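One structure is given below, encoded as structure tokens.
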Amino acid sequence: MNDMTTFDVEKIRRDFPIFEEKIHGKRLTFLDSGASAQKPQVVLDAVKSAYAETYANVHRGVHYLSQKSTELYEGARETVRAHLNAESLDEVIFTKNTTEAINLVAQSYGLMALKPGDEIILSYLEHHSNIVPWQLIAERMGATVKAVPINQDGEFLMEEFEKLLSEKTKIVAVTHVSNAIGTIVPVKEIIAKAHDKGVPVLIDGSQAVPHMQVDVQDLDADFYVFTGHKLFAPTGIGVLYGKNKWLEQMPPYQGGGDMINRVTFEKTTYATGHSKFEAGTPPIVQAIGLGTAINYVNEIGFDKIGAHEQSLLAYATEEIRKLNNVRIIGDAPHKAAIVSFTMDGIHPHDIGTIIDQAGVAVRVGHHCAQPLMDFYDVPSTVRASFAMYNNRDDVDALVDAMQMVQRFFA
Amino acid sequence: MMDDLKSLYQEVILDHSKSPRNFGKIEPHTTEGHGDNPLCGDQVTLYVNVDDAGIITDISFEGKGCAISTASTSLLTQLVKGKSKGEATELFGQFQDMVTSSPEDTNRSEAPDELKVLAGVKQFPMRVKCATLSWHALKAALENKAALATSE
């Protein structure tokens, strides 16, 4: 493997204390990073230090700790801005997670832009969190949700998308990478086509940011959302990038402290920029942890991470294909390192329980993507999702465990 | 490791999951109950005939599920056939007490041997819902609720 000369996966593994743990007495084979990624020591240290050495509320006090805490918190915002190549800090809003970021846009943009008869375009590849928020606002505003179909390989059908785009379309919301089957969606092309019709686009980047460099200006995304915990950061912190031209027009999502300019009982004026959408005390330490995680992955470099993961994906796909009676769900030519599969006659839940005893952690179920499961006519799949710290031993352990399942049910 | 697995997937369980008893839809039926496991997307529908005296004279099921869920449903149908509604409800209670670590009613009698093959589920808390899904569906059917039962 050529990339191994510059990319040392064993060194990366040593940065993650979880890999010292034994699971049921076995080596941990963690293939569930798509659900939530493990945390490197630098992030754990940053979290500890933020609580132990610099903690106070942000944007409030004039005292030393509040100032220090604010500097670190706002420093994390700058790290996120630079990482996404956003034009300004006002375009970077901290949220609880991806779900909250999408709900924010759905409720706020939706309230502003949707009228009865309008349409929202999604795709069959979406996670429930990029479906249900749109259904809620659509119902309230009398709008309709449409979904772009996919082919058997799990690819987004661009021509079908073009057919759905119309003057009724008020927003397009699609995932960058399918959480359930790994398809990388050609979002730049989708955005360009939507913009031709004057329609803004939200990209759900939850499964993309751990695997690839994202440049929101290059994509020309109107909204780009992701969650920190899949990017080796703590839970409770997510990001909404939004173009200023939209954020300035959008009404506040939640009311509270920090999002106001001046409050009287007669009339309240709102803060501008990101503050308008950040009511209440934010996840301070979690944001600092996110900034640290982003610096950590950037030190390794997404070119190397991507190459390593693609080589693992190819190896895993090849090895899993060798197993009898196994069907890989989703075979798009452009995929992130996610392999979803089913085994004839053996339910994913049984597979998950049995291979867990061998220390192999995978996700089994519908992956919060039931419309996609319905498309493939399966109730659920087994999903092995890889991250930069996985190696070939992980693939071998998965395959060995799958053979054990087959013997068990033979 | 294999011991826990062997106790979960006993021969009887594997047998019932591969060849479920009373599988299919009985027509006509007096009531039915549907169970949905939102965690895994599994579904089961029980078709039940209850006579005027409240006896379950026939029962069958359809659905997609894991080995635990399918075997549990298959065993359920064998066990409650010929029982009264009250007896079936009592069996549900005994079954729940057996598979959960904190029994609701410590005075309740033990589950019958036919159900004890599923006692291993207790060691796998994430799988308890797989085993109880069809019992919830049965309860819905017997209460004649059109509403959906979930294992939540």
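Derivation of every value follows stated rules applied to the coordinates shown; laboratory data play no part. Every value quoted in this text rests on a predicted model; they were computed, and no experiment measured them. Backbone-built Cβ (ideal geometry, glycine too); neighbour counts: all protein chains shown.
Listed values, structure above:
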{"quantity": "Charge tally in the Cβ shell below 11 Å around A:Leu72, where Lys, Arg are +1 and Asp, Glu are -1, A:Leu72 excluded", "calculated": "-2"}
{"quantity": "Protection-proxy order for peptides A:128-138, A:352-362, each taking the mean of Cβ atoms within 10 Å per residue, highest first", "calculated": "A:352-362, A:128-138"}
{"quantity": "Percentage, to the nearest whole number, of Cα pairs in the range B:2-146 over 17 Å apart", "calculated": "57"}
{"quantity": "The protein assembly as shown - mean residue ellipticity at 222 nm from DSSP helices (-39,500 (n - 2.57) per run, n ≥ 4, rounded to 500)", "calculated": "-12000 deg cm²/dmol"}
{"quantity": "Residue-averaged beta-carbon neighbours from other chains (10 angstrom radius) around A:161-167", "calculated": "0"}
{"quantity": "Average beta-carbon neighbours from other chains, 10 Å sphere, peptide A:349-360", "calculated": "5"}
{"quantity": "Alpha-carbon centroids, the range A:168-246 and the range A:258-318: separation in whole Å", "calculated": "13"}
{"quantity": "Selection of GluC sites (Glu not before Pro), the range A:182-288, meeting DSSP coil and at most 13 other Cβ within 10 Å", "calculated": "A:Glu248, A:Glu266"}
{"quantity": "In nm, spacing of pseudo-spin labels at A:Asp400 and B:Phe23 (7 Å Cα→C-beta vector)", "calculated": "3.3"}
{"quantity": "Label-to-label distance, nm, for residues given as B:Glu114 and A:Leu157 (7 Å Cα→Cβ offset)", "calculated": "4.9"}
{"quantity": "Relative contact order of chain A, pairs being alpha-carbon contacts under 8 Å that are 6 or more residues apart, as %", "calculated": "23"}
{"quantity": "Other protein chain Cβ atoms within 10 Å, averaged over every residue that makes up A:341-348", "calculated": "3"}
{"quantity": "Length-normalised contact order for the range B:2-146 - Cα pairs under 8 Å, 6+ apart - percent", "calculated": "31"}
{"quantity": "Point-charge dipole on Cβ atoms (K/R +1, D/E -1) for the protein assembly as shown, about Cα centre, debye to 20", "calculated": "580"}
{"quantity": "Packing rank of A:287-297, A:142-152, where each peptide gets the mean count of other beta carbons within 10 Å, highest leading", "calculated": "A:287-297, A:142-152"}
{"quantity": "Charged-residue dipole, Cβ positions (Lys, Arg, Asp, Glu), the range A:45-298 about Cα centre, Debye nearest 20", "calculated": "680"}
{"quantity": "Computed E for A:Glu167/A:Asp374 - FRET, C-beta separation, R0 22 angstrom, nearest 0.05", "calculated": "0.15"}
{"quantity": "Total charge dipole magnitude, the range B:2-146, about the Cα centre, Cβ charges on Lys, Arg, Asp, Glu only, Debye to nearest 20", "calculated": "300"}
{"quantity": "Prolate/oblate/rounded label for the range A:195-299 (Cα gyration tensor, a/c 1.5)", "calculated": "oblate"}
{"quantity": "Choice from A:Arg392, A:Arg262, A:Arg27 showing the highest fluctuation, given a GNM over chain A with Cα pairs closer than 10 Å", "calculated": "A:Arg262"}
{"quantity": "Positive-end residue of A:Ile181, A:Thr264, A:Gly117, charge dipole of the range A:45-298 with Cβ unit charges", "calculated": "A:Thr264"}
{"quantity": "Chain A - convex hull of alpha carbons, volume per residue in Å³", "calculated": "144"}
